[in-house]
Amino acid sequence: MSNFNILVVEDEDAIRRMLMMVLEQAGFMPIAAADAEEAQRAMDETLPDLILLDWMLPGISGVEWARRLKKEPIYRELPIILLTARGEEEDKVKGLEIGADDYMTKPFSPKELIARIRAVLRRSGKIQGQAQIVLGDLVLDTEQHRLSIRDKQLEVSPTEFRLMQFFMTHPDKVYSRTQLLDQVWGRSVYIEERTIDVHIRRLRKILGEYGREDLVQTVRGFGYRFSLAG
């Protein structure tokens, strides 16, 4: 992680120092800025891998600066996580609509922050996943794009492969259909939630040929969980 530069744009000194310390302890290389102008100067010297951006900044607000960045070709793909005390759904939607990759409401735990940063970096392609993910008798090879069980290769589509990759790297956790759409398809793609159900049914049918359809479990009223526990 030591080669990832994270630009921290936060006007409150105490919070900015705390974020810098948390990032350094996690092995990142943080760059500090107190407002959008200072952040822009920092980016002129070093293009960061990700921006932690406070919504409310003096002068140009964080959300307005993010909107401007996303209009510039050089910054369009730059991941941004918005930090804010505003927890209303309308504000969250607004932040995501302007191109932010994630949204965290203060206060949040350092562990959650680092997990969110790694997830965004992974989705953006900056962090390459494990070459092989092994769970029980299931093996997912990200380099050869193969999924096998007991040394037998399973015939899955590219989308189903990504879905299994997400499940196998996040076992025993429950995810809603919306969360799975965000993680596997991405927020920029509009896909109906029932599409998830179609792929889940197909995965279960494929796994069922080896008696393992119980790996993907329905959590009634919420979504799905992948678990070896059955």
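The label point for K71 and the one for E37, both projected 7 Å from the Cα toward the Cβ, are 2.0 nm apart.
Listed by Cβ neighbour count within 10 Å, with the fewest neighbours leading, H145, H199 appear as H145, H199.
Orientation-averaged projection of the chain equals 13.7 nm² [convex hull of Cα atoms, one quarter of hull surface area]. In this rough spin-label picture, where each label sits 7 Å from Cα along the Cβ direction, the S124-R162 distance is 1.8 nm. When the chain is treated as a Gaussian network with alpha carbon springs shorter than 10 Å, the biggest mean-square fluctuation among S109, S124, S176 belongs to S109. Kirkwood-type hydrodynamic radius, the stretch 5-123: 14.0 Å, calculated from all non-identical alpha-carbon pairs. Considering all different alpha carbon pairs of the stretch 1-49, the Kirkwood hydrodynamic radius works out to 10.7 Å. Rg and Dmax of the stretch 132-226, both derived from C-alpha coordinates alone, stand at 12.7, 36 Å. Sorting F226, F167, F161, F108 from the fewest to the most surrounding beta carbons within 10 angstrom yields F108, F161, F226, F167.
Read-outs: derived from the displayed coordinates by stated rules, not from any lab. Keep in mind the model is a prediction, meaning the values are calculated, not measured. Reconstructed Cβ throughout: ideal geometry from the backbone, glycine too, with neighbour counts over all protein chains shown.
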